[in-house]
Amino acid sequence: MPTPEQARARFETISPELAPYATRTMPRRRDTEHPINQAYLRDRHRDGSLKHAREVGVEQSDAVFFEQMERIQRRGGISHEGNGELSYTSQVRAEFPEIQSFLERPDQSSSRDSNSNPQSVVKLLMDTGATRLEIYSDRTESDDMRDKRVAQIVEAVSRVERAGFTMPSPMHFYLPKYTRSIKLPSLRTENAWSSFAEFYAPNRIMLSPELLRTVPPANAPRSIAVNINDPSAAIVHEIGHCLHFTQSPKSYSDLFHTRFRQQYEHIAGAISAYGARNPHEFVAETFTAITYNAAIPRGQPDLYRALGGPVPARQTPAPTVGRTLAHTSDRSFPDQRSDRAAMARMPPTGDSSRYSSGSSRSYAQPDPSSWDRRRADVERGSRGHGHRGRR
Ligand SMILES: [Zn+2]
C-alpha cells in the first residue's frame, strides 16, 4: 500500500515524452471509480509510458459514456406547464431548436416529451468515402430534425476525409433527442449534459440537438467552431479527439487531468482560447484548423506533433466518386463566418427518399451523375454554430 505521498507522486507522473509540455496535478477530490485514475496509480513501462494505454482509454470512455447517457436519458426533455401559449418565434427557434421535437411529439395529448427508450433507437447506416457511419437516433424524432443533424455529421466526416485523414470504421454517432430540460412557455432551462459534442474512445461521438442552434450560447468557450460559427466544426473537433486516441493511444490516455506548462499554454492559446485549456483540447482544436485549411500559428506544429496529434494518411486527398452526401465546399475560415440566414434555410442534405424504412435504415450509394446537383444544393450553405466541450 503506497503512502499518500507515493500515490500522489505516481498519479502526477507522466510519460517523459509529454512531461516537457504538460503537468498533472492530483485533483483534490478524485473520483476513484474512474479507470483512468486507477491507471495513473499503477506501474508504468520501463520507458515511463502508460501500460495498457488503449484499454485504459476505452475503459475510461465507457465509464463516462454510460454516466452521460444515463443522465441525459433521465433529465433531458421538454414539458409544458400552465396555460401560457408558446410563441415559437425565429428567435426562440434559433436558441431552442429542439422545441420542434416537442411540437412534433408522438403523444400530442401529453404535456411532456422526453428521450425514448435507448433500446429502440433508429440505426442509420451510411458510407462516406472509406468510413461507415452508424448513427443512433431517437425513433420519435422527426425526419426533418434527424436529417439536419445527419447532414452536419456527413459534412464533418467528409471534410476530415478530404483533408486526407483515415477514420476508424465504423464510427458511431449518438443523437439524443433532448440533452437539456426545458420548461414551456417560460423557457426555463437546465442542462442534462455539459457538452454539445463529446468523443468516447474508441469510436463513439455523442451530439446534442443544440448543434442546430443558429445563435451560440453566450457562455460557449471560444473554440474554433464558435469562432467560425459552424456546428460541423464542433464535430470535426470531436473527430480530432478520436484520431488522437486512434493514432497515439499512449499520449491520449496519459493526458487526462493535465495542463500545459506556462510557455506552452501561451503557444496553444494562439489557436483558440479553448485550445489553451489543456493538451487534449489543443490537439483537437489544431486538428480542426488543419482540417479547415487554416494557417497554423508558429510553434504549434511542433507542439501538436509532440503531443501525438493526428497526421493525415495522405497529403493530397484523392477525389472519391460516389461518396455519399459529401460536401465539397472548401471555403476557408473567413468565408464561413455567420452565414446564419443560409443556415436557417438550409436544405437537409439527406434525401429522405433514400432512406429505406424499418429500424435499420441505410443510404444507397449515390448515382455519380447526381453528384453535381447535390454539390450545388450543399453549397447554398449550412452554417450554424459550435461546441461547448468538456475535454
Ligand atoms: Zn474537445
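Read-outs throughout are calculated quantities, based only on the coordinates presented, and are distinct from any laboratory measurement. Only a predicted model underlies this, so the values are computations on that prediction, with no experimental measurement involved. Here Cβ is always computed from backbone atoms with ideal geometry, including for glycine, and neighbour counts include all displayed protein chains.
Some notes on this structure:
- Ellipsoid semi-axes in whole angstrom, largest first, where each is sqrt(5λ) of the Cα gyration tensor of the stretch 40-192: 36, 21, 14
- Averaged over residues, the count of other Cβ atoms within 10 Å places the peptides 123-130, 232-239, 183-190, 261-268 in the sequence 232-239, 123-130, 261-268, 183-190, highest first.
- Per-selection Rg to Rh, the stretch 4-66 - Cα, Kirkwood hydrodynamic radius: 0.96
- In terms of overall dimensions, the stretch 73-306 has a Cα radius of gyration and Dmax of 18.7, 60 angstrom.
- Beta bridges from DSSP with both residues in the stretch 85-177: antiparallel share about 60 percent, rounded to the nearest 5.
- Straight-distance crosslink candidates among aspartates and glutamates, where the alpha carbon sits under 19 Å from LYS250 and sequence neighbours closer than 8 are dropped: GLU12, GLU17, ASP43, ASP47, GLU55, GLU59, ASP62, GLU238, GLU281, ASP302
- In straight-distance terms, cross-link reach from LYS148 covers every one of the lysines whose alpha-carbon lies under 19 Å from its own, apart from those fewer than eight places away in the same chain; here that gives LYS123, LYS177.
- For the stretch 118-223, fraction of C-alpha pairs farther apart than 23 Å, in %: 31 percent
- nm² value of the averaged projected area, convex hull over the Cα atoms of the stretch 192-246: 3.9 nm²
- For the stretch 21-133, the relative contact order comes to 18 percent (Cα pairs under 8 Å, sequence separation of at least 6).
- Scalar couplings 3J(HN,Hα) for the stretch 205-217, obtained by applying the Karplus form with A = 6.51, B = -1.76, C = 1.60 to θ = phi - 60°, are 9, 9, 10, 7, x, 5, 5, 7, 4, 9, 10, x, x Hz; x denotes Gly and Pro.
- Cβ-derived FRET efficiency at R0 51 Å, GLU33 paired with GLU81, nearest 0.05: 0.90
- Karplus-derived 3J(HN,Hα) values for the stretch 35-45, using 6.51 cos²θ - 1.76 cosθ + 1.60 with θ = phi - 60°, are x, 5, 5, 6, 4, 6, 8, 8, 4, 10, 4 Hz; glycine and proline are entered as x.
- When the alpha-carbon atoms of the stretch 192-300 are used, the pair Rg, Dmax equals 13.4, 39 angstrom.
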